[in-house]
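Each reported figure results from applying straightforward, stated rules to the coordinates on display, with no laboratory input. Remember, predicted model here, so these are calculated numbers, not experimental data. Neighbour counts run over all protein chains shown; Cβ positions are idealised from the backbone, glycine included.
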Amino acid sequence: MRCSRCLVALAACGDALSPFQILKSPIKKLLGKDAAAPATGAPDPFLKDFSRPMSIPEEGIAAAVEVMRGGRLFRYCATSAETSHVAQAEKEFAAMVNQKYALGVNSCSSAIMLALMAVGVDPGDQVITNGFTFTALPSTIMRLGAEPVLVEATKSWTMDLDDLEKKIAAFPDAKVLLLSHMRGKVCDMDRVVEICEKNGITLVEDCAHSCGVTWRGKQLGYHAKVTAYSTQSDKVINSGEGGFITTDDDEIAAKIIYLSGCYERRYGKHAVRPADELCEVAMAEMPNLSCRMNEVTAAVMRPLIKNLPQRVEDYNRRYDSVVKVLREEAGDIIVVPTQDERVGTVGDHLNFYLTGVTDEQNALFRQTCVAMGVPVSWFQSQVNARWHVNWRKYGSPTFDLPNTDEVLRFAYDLKMPPYFDDADFPAFARVIAYAARVAAGDDDL
């Protein structure tokens, strides 16, 4: 217990000192000359930076530099679809996800917006979506003048499909489901399709966190009429900002090409596109929202599209090494949600929750993690953009989601930076396990 008291005091310093100040300061200096030092069983503090995203491969850097030298940063400045990095990235991404069409845009939020518009969401409509997801989803629905209808989450962090059916019955005018696979966690997609077909609901999938994630061996996203993907820096394909919309529907493909910012007859500079006749109709009828992807963005990401399968293996191997430590050293306190056996996962983020702890112990846990260099993110923080209660501050409708709130009460999120060495992953896992045992008052520490 001597070490536990020491870490309590250290954690209390966290509001005044940064984690690195804490780690560089002698414990006796922080706590006083009579303070006891941590027990020898405590792991070493972790000193690497979790905020650093993956680096861009040299091939992508060279391609981006070449674009900048030539000046053709705007996708429609390319001489043809064959010489456009955006057009070729769209072709390569469509092949990766096994869909007929892919359109590059400037963010996944833009992809979601265009997807909703393409399936006919109008001002005043109700759109059903997750109560546990990123703030961009309710924000985008509201941006279109529509109203989000929030659905509960399960302990596996997926949409609660029983509650989905209840919400469909309670909101019979809602005809679109925007389904988010938050952090790559996938619900029973067979049942989702069945529910949507039975109730005349159009499915739009948010696969922001799901590049590389599969359902029944196929890249996730193929169940929907339209699907959105992200290539923002925290995802497994890093282009800074960016995203793709995918579909197998010819008319929708033509619409989103023009909604995204195509104009005149520049559809010819898209390598994957529907028939010219459909593009001509969309050219006349669709507004131009100017959310195109640019050539530099596409140039840096193309190597990351190509090498994703190998990187998924690396992500999962390292993720497994973290989960192994957590279960062996704090399995009675830390729960890592498991996925449906039909899901092929990508371990780019660690998600877990604590069990059998109080709110005070929960606070001690995260303070201890941060003090020892592991910046776990608590989902019920007053600033966390994934907690539905915080969305109310900008006008999102209030829904009572007690199950979701209970799931998130002790739940955490942590990036798994690909630049770390293999040995780093069990090392920071030991810090998390140790912090959990400290918070729980483990007498053996």
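Protection proxy ranking of 196-206, 404-414, 108-118, 222-232, by the mean of other Cβ atoms within 10 Å over each peptide's residues and highest first, is 108-118, 222-232, 404-414, 196-206.
Of all the options V322, V300, V193, the one that moves most in a Gaussian network model of the chain with Cα springs shorter than 10 angstrom is V193. For the cross-link pairs K235/K255; K167/K198; K100/K269; K255/K306; K185/K235, the ones whose C-alpha atoms lie over 22 Å apart are K235/K255; K255/K306. Other residues whose C-beta falls under 11 angstrom from the C-beta of I252 contribute a net charge of -1, scoring Lys and Arg +1 and Asp and Glu -1.
For the pair K306 and T355, what calculated FRET efficiency results from E = 1/(1 + (r/R0)^6), where r is the Cβ-Cβ distance and R0 = 41 Å, to the nearest 0.05? Show your work: numbers first, answer last.
Values: r = 41 Å, r/R0 = 1.00.
The formula returns an efficiency of 0.50 here.
Comparing mean-square fluctuations of P375, P426, P57 from a GNM of the chain with C-alpha springs under 10 Å, the top value falls on P57.
Taking every DSSP beta bridge with both residues inside region 85-225, roughly what % is antiparallel (nearest 5)?
On the way: 3 of 16 bridges.
Within region 85-225, antiparallel bridges account for around 20 percent of the total.
Given the rule -39500 (n - 2.57) for each run of at least 4 DSSP H residues, summed and divided by the residues of the chain, what is its mean residue ellipticity at 222 nm, to the nearest 500 deg cm²/dmol? The partial results should precede the final answer.
Working: 17 runs with 183 residues, N = 445.
Per the formula, -12500 deg cm²/dmol.
Gain on full extension, evaluated as 0.36 nm per residue between N316 and N98 minus their Cα-Cα distance, stands at 76.3 nm. Of the residues V281, V336, V370, which exhibits the maximal mean-square fluctuation in a Gaussian network model of the chain defined by a 10 Å Cα contact cut-off? Judging by the Gaussian network model, the answer is V281. With each label modelled as a point 7 angstrom along the Cα→C-beta vector, the S290-S51 pair spans 3.2 nm.
Straight-distance candidates among the aspartates and glutamates for linking to K91, with alpha-carbon spacing under 17 Å and chain neighbours fewer than 8 residues away dropped: E82, D248, D249, D250, E295. Net charge of the neighbourhood of G242, taken over other residues with C-beta under 13 Å away and scored Lys/Arg +1, Asp/Glu -1, is 0.
If you take all other residues with their beta carbon under 12 Å from the beta carbon of D421, and give Lys and Arg +1 and Asp and Glu -1, the sum is -1. For the pair D162 and D122, the difference between a 0.36 nm per residue extended length and the Cα-Cα distance amounts to 11.7 nm. Take every pair of alpha-carbon atoms less than 8 Å apart whose residues are at least six positions apart; their mean separation over the length of the chain yields a relative contact order of 24 percent.
Using mean Cβ contacts within 10 Å as the protection proxy, how do 178-186, 326-334 order, highest first? Spell out each step's value before the answer.
Values: 178-186: 25.4, 326-334: 18.4.
For the peptides 178-186, 326-334, the packing ranking is 178-186, 326-334.
Stretching the chain fully between A363 and K324 yields a gain of 11.6 nm (0.36 nm per residue, less the alpha carbon separation). Taking only the C-alpha atoms of region 58-306, Rg followed by Dmax gives 17.7, 57 Å. Label separation (N199 vs V65): 5.4 nm, computed from points 7 Å beyond Cα along the C-beta direction. With coordinates expressed along the principal axes, the C-alpha atoms belonging to region 260-299 extend over 30, 21, 12 Å, beginning with the largest.
Among the helices of the chain (complete DSSP H runs), which have Cα atoms covering no less than 20 Å along the helix axis and a Kyte-Doolittle mean of at least -0.5? If you can, show how the numbers build up before the last one.
Values: long enough: 308-330 (32 Å, -1.10); 424-439 (23 Å, 0.87).
Taking the DSSP H segments of the chain (at least 20 Å long, mean hydropathy at least -0.5), we get 424-439.
Computed over Cα pairs, the Kirkwood radius of the chain leads via Stokes-Einstein (1.567 mPa s, 4 °C) to a diffusion coefficient of 56 µm² per second.
Taking the Cα of F74, stepping 7 Å toward and past its beta carbon, and measuring to each backbone N in region 253-285: which are under 20 Å? Output list for this probe position: 257-271, 283-284.
Judged by the gyration tensor of its Cα atoms, with axes a ≥ b ≥ c, region 169-256 is prolate; a/c meets the 1.5 cut and a/b is the larger of a/b and b/c.
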